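Since the structure comes first, as structure tokens, the remarks are kept for the end.
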Amino acid sequence: MNPVYYLYLAALLFTIGATGVLIRRNAIVVFMCIELMLNACNLAFVVFSRMHGNLDGQIIAFFTMVVAAAEVVVGLAIIVSLFRTRHSASVDDASLMKL
Amino acid sequence: MSPQLAAYTTSTGEAFQFWVLGTVAVLGALSTVFMKKAVHSALSLAGTMIVLAVFYLANGAYFLGIVQIVVYTGAIMMLFLFVVMLVGVTAADSLKETIKGQRWLALLCGVGFGVLLLAGIANASLKDFDGTGQANANGNVQGLAALIFTKYVFAFEITGALLITAAVGAMVLTHRERTERPKTQREQSEQRVREGKHVPPLPAPGVYARHNAVDIAGLLPDGTPSELTVSKTLRDRGQIRDVSAEALGDLRALEQRAEERLERTPIDPVDFKRSEEASK
Amino acid sequence: MNAENLIALLIAAPLLGAAVLLVGGRRLDGVGHWIGTLLSTTSFVFGVILFADLLGKNPEHRTLMQHLYTWVPVAGFQADVTFRLDQLSMTFVLLITGVGSLIHLYSVGYMEHDERRRRFFGYLNLFLAAMLLLVLADNYLLLYVGWEGVGLASYLLIGFWQHKPSAATAAKKAFIVNRVGDMGLSIAIMLMFATFGTFAFGPVFAHATGASEGKLTAIGLMLLLAACGKSAQVPLQSWLGDAMEGPTPVSALIHAATMVTAGVYLIVRSGAIFNAAPDAQLVVTVVGAVTLLFGAIVGCAKDDIKKALAGSTMSQIGYMILAAGLGPIGYVFAIMHLVTHGFFKAGLFLGAGSVMHGMNDEVDMRKYGGLRTYMPVTFITFGLGYLAIIGFPGLSGFFSKDKIIEAAFAKGGTEGWILGTCALVGAAITAFYMTRVMLMTFFGEKRWQPDEHGHEPHPHESPKVMTIPMIVLAVGSVFAGGFFSIGDRFLHWLEPITGHSEGNSPLSAAAVTGATMVCLIIGVGIAYLQYGRRPVPAVAPRGSLLTRAARRDLLQDDFNHVVLVRGGEHLTRSLVYVDHTLVDGVVNGTAAGFGGLSGRLRKLQNGYARSYAVSMFGGAALLVAATLLMRAV
Amino acid sequence: MSFPLLTATAALPAVGAVATAAVPAARRTAAKWLALLVSLATLVLAIVVLVRFDPGGARYQLTESHPWIADFGVRYELGVDGIAVALLALTALLIPFIILAGWHDADPLETGSRRWRPTQGFFALILAVEAMVIISFEATDVFLFYIFFEAMLIPMYFLIGGFGDRAHAQGEEAASTQRSYAAVKFLLYNLVGGLIMLAAVIGLYVVAGNFSLQEIAQARANGSLHMATSTERWLFLGFFFAFAVKAPLWPLHTWLPNAMQESTAPVAVLITAVVDKVGTFAMLRFCLQLFPEASKWATPVILVLALISIIYGALLAVGQRDIKRLVAYASISHFGFIILGIFAMTSQGQSGATLYMVNHGISTAALMLVAGFLISRRGSRLIADYGGVQKVAPVLAGTFLIGGLATLSLPGLAPFVSEFLVLVGTFTRYPAIGIVATFGIVLAALYTLVLYQRTMTGPVKPEVSAMPDLKARELVVVAPLIVLLIFLGVYPKPVTDIVNPAVKQTMSDVHKTDPKPEVEAAK
């Protein structure tokens, strides 16, 4: 088996995650989908690392994880405070930006 | 694992592992997206992540594989579950689309993007795999550490700053400072009177002391259930148990027995039958 | 001191007067009229000095040039402020300053009770300066300055009583109709520049024969258009009648003696061009002939004394234009008639002014009658002027008009006959309408009545300051013609400038004179029968179709009104509409279109983050597609 | 290095604008005097420029050149030729009069708020416009010119939208709606023009590699810079469009009547007498020098448009009911003459057009400012609201008449010389167009005299019966303009001497010579 298949898998997961972001309304699920996309990327990075024979790809994946953690913390905080004020976790309810 | 795993071609074992776990990962991803309840989504995602951790290990990223399980699946996904618990269940859980055309556009874009991406990967000449054997010669963790603290030290420091900022930010966002005195009970009741709805306290759940579970709606005098008596979360989840029919059936039976004893003509057998059914 | 240097002073004196009087303000109210008169007279004195100087020279060297400065120097286009004083301009200078000074004097009395008299004299001086500039200019552009300058002065003076809407309208009309003529002059100048590369008199006339006849005809016709405007010739005659709204001295000076004859000056001055363009000349004669009949017919029907005289002016200038169109046969006589006409017509207008002065500014002749006993001096001077204009033998008009009729016949061929006949008929009509004016004003019963305030006019003779100019002019109208004609003095004086030829008249001079006399008698006779023998009705009878048309200036004004004024109003109004709705509408429509489009596009911005995400995702997909495509290609 | 005189002429009003804006709210009068003094000092500098300029010398004089944005070859390059000097002097001359005429136009209605400083703003904006116009006349770098050509819009926008006539028939609210409509219209029209020009400026850079007018013109002249015919034409159109909007040429004119109608008279003068001149000036300097062949190619169309402007503007002026609008349409007609003169491509036409720019500036200023005084007295712009003013305010009526006569190009007043030169210049090459344009002078007489008749003559209307005559300040504004009109009408040589060499250069740029007359009669 060629390790390229990992890349196909990563692409597939990424696409599924992206589609999920678009069709789910629950902010928490949307966030999960984003995590899925990030993980798909991480997989790709790790495979690239293997492909090139150095560890830089893994480093990037590592950073991605850190950033994802930070993002999840802030994002969930936003969801919680949003839920507190509007009693809803729907992303569609946060549409004040329209005219 | 042995270094040759990370060589140009993979062993049959890895191939087998890939196909099995890959299928699991995809299914997990799909159910993350399509499960109706957020908890199920979270669990599916956790599954996918564990599979990915295994893949990391298979690709020679031992450190990341462990981190993925410990930090990601262990910490972050738990955070998700906590939030799901906090937020509870809302109407947003419904998979019904509210924006016109959104779903079709999303699927179209998704399929298009995916196909293109896959085509792109297929197109790229990715024949050469050096494998991580060389890089992991001194141990994967040591290799990573050497890089992080030399080449990527600035990025690492900045990431640290980011994490601190995120932590502070999360606290600021969720922290609620009372800027005004909380309303006293008296003020609350005055407000209720002024608004003219629910002047008395909300009715309690439970019917006739036969049922005292919180998920059973109280019955109004005509025998119909009152939504107000059940907590909103249960209502949103649709987890109300309606016992009104049973109560009405009991009433009918009681009345019938009274009729029989008083030797009057029995009333309306059809109604009776229905109430029997309902009570089953 | 050289005589040339005096030329600029001729103009400077009245210009100074105008500046002082108009800028000086109220302080000068007490002496303004005398300053104006003095400066006008100064100019006349300079004129006389220069005249004496010219007479002392050989006829061939009687042209004085004074170059002041270069006016507009642009590559290839050289306009200088240069004055040319030759016999022709000298004649005009004397006429203008002479008659002008007399009329200044007259106005001192006539305008005595007008609070804005100072300004009136300022305008009169301005007119003199402009008119002198017109006749002294050595190139057409400078002439154009004078030409429009007199137009401006005329505008200001016609509208002098501008609180009267009729006066303001008449002034505006005069200026605008004149502008149409001016357009002709400017086109003529442009044509000259394009043809000759210059528009100075000397070079243009010297090379006139070198240009193609088509160009010359065009120049000639444009000059004729200019002359028509200024000299109130058909078809641009309509303003002259209305111009009588101005104070009477203005009518005398500007609209009888001097300014309106500028057209004749222009044609005679441009003789070299017309001589080389016979077609243009023919048109000139036709215009002249038509106008002389037109003016005469209009003059017959008017009851307003000034308007009757205005019709007469038009008609007399028609004679001059006719003569000028005849070429060298007629130039001299055109100018001679112009000078004699200047005398008698100014005299007649001053007389009319004197009558009005005594009659509470009544102008309707039907309300006069029998005035000869009340104002004898006016009667006599007016009478002499009358005899002069109808061509009574021995008086000025007889000599000058007779010569023009002769010259018309001398043109030869059918044209000669037609033009001559027109001139003869014109003479008869002149005799008719002038006799009518005379009879209605000074003879018959008195017909005046108290006005609506109950003031009955008390006709009285005008003060000396007014009668003296009238007397001087009357003397001129009696003797000028004879003085000029005896020994062909005037002919010899002007010949070096205009040239002269005898032509070949089919009739002898005596025959023409005889025919003229017959016409004269017929005209006077009919008038006497109609107005002398019968009492004049105080209210005008309805009259025949022709009379009614003539009262309305032969409907020419109505035509102008309907076609030009109304049409113009409609045109401008619809253009305003078009500008607002179409030109501006396109712009506003574009703006509204963008507004609508942005309203539509705004709906795409529905505020749902997921919607935006879809477009981002779609964009990303497109980018991937583009990348792949680029790699594939 | 010598003293940067040209920079100084532009910098002085710019600094003055800042200083004026900084004057404290309570010291309104000080701000006015400061602005006036700055404008007078600028006039002095302009006169120094005029004196130092040698008509017989090099084409561009008093040049300054410093690198600015080196990467794109943009330089801070100034220099004046005869045409620019004349217009520079005109601008510097008119601004003091505009300031003096608008002395009370921006006084705040209620003097309470200490932060409210409209007066300072008004005068600062005028000075800012002056600085930008002056530098546009001086710039010989296309990019530099473009910057200020566009930047001018900003202060103008606020002048139009922020300050209007006090009294308004439909009340203050309607007035401010109409004002902002006019201001936005002005801005949008000119921005669109500017945008298209920007594209052309960039295109020019792509083709030529730098922005220096002199270098490009020289390279064009000696053939070292070749442009494809279509490229040249497109670039020309880009430039011309912007200038035609600014000028304005039919059918891009509709912003002018609105802008002039809604702004105060001094600002209206600023628009038509100063700012719009940049458009016609730029046609002469940039269109003809940079794109001679394309200019010749476009000439027939431009001439016809100019002709339409002349007749159309005059006819619409006849049909107006609003004094300021009438003057605006008259200006459109006059701009038609200027453009006609420029594109007739004869020495007379171009000298006449330059002279026309100067004269039109002065004559419109005279007419419009007097009209402004009139309007401020009665509080109405409608012609029908006046009548018989001559009787109660003869000096006002007299100056108004002289302004009107200048507008109708009466010989003896300055505009006549220029108008006639334009007509002659056009006629020698295009007789038919010359003749039709001559109709413009008849129509000019019509609209001017109708305006005068309806407002000044006739019976005195009760509303105007107490109208005061011109005050000393107003006379100080009008009298010098009238003197100048007469002086330049009688003796235009000082201006033509400065302009002629520059026109000769331009004529050689476009490789055109004057048509020869049929008969060489001139000595």
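The values are calculated or read from the model by the stated rules, or taken from the named source; none is laboratory data. Values in this document were obtained by computation on a predicted structure and should not be read as measured data. Positions of Cβ are backbone-derived with ideal geometry, glycine not excepted, and every protein chain shown enters the neighbour counts.
In table form, for the structure just shown:
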read-out: Options C:Ala308, C:Ala301, C:Ala272: the member that is in contact with a Lys or Arg (Cβ under 6 Å, 6 or more places away or on another chain) and either within 25 Å of C:Leu95 (Cα to Cα) or modelled with pLDDT of 90 or more (or both); value: C:Ala308
read-out: Test: residue in segment C:617-633 that is of a type outside the set (Asp, Glu), within 11 Å of chain A (Cβ to nearest Cβ) and exposed (fewer than 12 other Cβ atoms within 10 Å of the Cβ); value: no
read-out: Every residue from segment D:496-510 that is touching a Leu at 6+ places or on another chain (Cβ under 9 Å) and more than 10 Å from chain C (Cβ to nearest Cβ); value: D:Ile498, D:Ala502, D:Thr506, D:Asp509, D:Val510
read-out: Lone qualifier among C:Phe44, C:Phe77, C:Phe83, C:Phe92 - being buried (at least 21 other Cβ atoms within 10 Å of the Cβ), of a type outside the set (Gly, Ala, Ser), within 30 Å of D:Thr428 (Cβ to Cβ) and within 24 Å of the chain's Cα centre (by Cα); value: C:Phe83
read-out: Residue list for segment C:154-170, filter: polar (S, T, N, Q) and within 11 Å of another protein chain (Cβ to nearest Cβ); value: C:Gln162, C:Ser166, C:Thr169
read-out: Matching residues in segment D:311-332 - criterion: being within 14 Å of chain C (Cβ to nearest Cβ) and within 18 Å of D:Leu413 (Cα to Cα); value: D:Ala330
read-out: Test for D:Gln218: is it crowded, with 22+ Cβ neighbours inside 10 Å and polar (S, T, N, Q); value: no
read-out: Helices (runs of 4 or more DSSP H) fully within chain A counting 3 or more residues that are under 25 Å from B:Ile148 (Cβ atoms) and facing another protein chain (nearest Cβ under 7 Å); value: A:27-52, A:56-86
read-out: Residue match in segment C:117-131 (condition: assigned to a helix (DSSP H, G or I), facing chain D (nearest Cβ under 10 Å), over 18 Å from C:Leu94 (Cα atoms) and touching a residue at least 24 places away in the same chain (Cβ under 8 Å)); value: yes
read-out: Residue that is out of contact with any Phe, Trp or Tyr (no Cβ under 8 Å at 6 or more places or on another chain), within 13 Å of another protein chain (Cβ to nearest Cβ) and not in a helix (DSSP H, G or I), where the choices are C:Asn606, C:Asn588; value: C:Asn606
read-out: Residues within segment D:479-500 that are surrounded by fewer than 21 Cβ atoms within 10 Å (Cβ to Cβ) and of a type in the set (Gly, Ala, Ser), tallied; value: 1
read-out: Residue among C:Gly151, C:Gly241 that alone is more than 9 Å from chain D (Cβ to nearest Cβ), buried (at least 23 other Cβ atoms within 10 Å of the Cβ) and within 20 Å of the chain's Cα centre (by Cα); value: C:Gly241
read-out: Test for D:Val477: is it within 26 Å of the chain's Cα centre (by Cα), outside any loop (DSSP other than H, G, I, E, B) and facing chain C (nearest Cβ under 7 Å); value: no
read-out: Out of C:Ile497, C:Ile522, C:Ile526, sole residue that is over 23 Å from C:Ile297 (Cα atoms), in a helix (DSSP H, G or I) and of a type in the set (A, V, I, L, M, F, W, C); value: C:Ile497
read-out: Condition check for C:Leu555: more than 24 Å from C:Gly325 (Cβ to Cβ), at pLDDT below 80, under 27 Å from the mean Cα position of the chain (by Cα) and of a type outside the set (Lys, Arg); value: yes
read-out: Residue in segment B:54-61 that is surrounded by fewer than 21 Cβ atoms within 10 Å (Cβ to Cβ), assigned to a loop (DSSP other than H, G, I, E, B) and among the β-branched types (Val, Ile, Thr) present; value: no
read-out: Helices (runs of 4 or more DSSP H) lying entirely in segment D:368-461 (those with 2 or more residues that are small (Gly, Ala, Ser) and without any contact (Cβ under 8 Å) to a residue 24 or more places away in the chain); value: D:431-456
read-out: Pair list, Cβ < 8 Å and 6+ apart or interchain, from segment D:1-23 residues that are within 11 Å of D:Ala46 (Cα to Cα) to residues that are basic (Lys, Arg); value: D:Leu5/D:Arg52
read-out: Filtered residue count, segment D:290-302, keeping only those that are surrounded by fewer than 23 Cβ atoms within 10 Å (Cβ to Cβ) and touching a helix residue (DSSP H, G or I) at 6+ places or on another chain (Cβ under 7 Å); value: 6
read-out: Extreme residue, nearest to C:Ala171 (Cα to Cα), among residues of segment D:415-434 that are surrounded by fewer than 24 Cβ atoms within 10 Å (Cβ to Cβ) and in contact with a helix residue (DSSP H, G or I) (Cβ under 6 Å, 6 or more places away or on another chain); value: D:Ile433
read-out: Verdict on D:Val38 being touching a strand residue (DSSP E or B) at 6+ places or on another chain (Cβ under 7 Å) and closer than 14 Å to D:Thr91 by Cβ; value: no
read-out: Single residue of C:Val264, C:Val283, C:Val287 found to be of a type in the set (Val, Ile, Thr), more than 17 Å from the chain's Cα centre (by Cα), closer than 16 Å to C:Gly229 by Cβ and modelled with pLDDT of 90 or more; value: C:Val283
read-out: Residue match in segment C:608-624 (condition: modelled with pLDDT under 85, within 30 Å of D:Ala317 (Cβ to Cβ) and in contact with a helix residue (DSSP H, G or I) (Cβ under 7 Å, 6 or more places away or on another chain)); value: no
read-out: Only listed residue being without any contact (Cβ under 8 Å) to a residue 12 or more places away in the chain and under 22 Å from the mean Cα position of the chain (by Cα), chosen from D:Leu187, D:Leu237, D:Leu195, D:Leu288; value: D:Leu195
read-out: Search result, residues across segment C:174-183 that are facing another protein chain (nearest Cβ under 9 Å) and not hydrophobic (A, V, I, L, M, F, W, C); value: C:Asn178, C:Arg179, C:Asp182
read-out: Subset of segment D:487-503 (residues that are of a type outside the set (A, V, I, L, M, F, W, C) and in contact with a helix residue (DSSP H, G or I) (Cβ under 7 Å, 6 or more places away or on another chain)); value: D:Gly489, D:Pro492, D:Thr496, D:Asn500, D:Pro501
read-out: One residue from D:Val476, D:Val460 being out of contact with any Leu (no Cβ under 9 Å at 6 or more places or on another chain) and surrounded by fewer than 20 Cβ atoms within 10 Å (Cβ to Cβ); value: D:Val460
read-out: Unmet criterion (only one of (1) within 14 Å of another protein chain (Cβ to nearest Cβ); (2) among the polar types (S, T, N, Q); (3) without any contact (Cβ under 8 Å) to a residue 60 or more places away in the chain) for C:Asn560; value: (3)
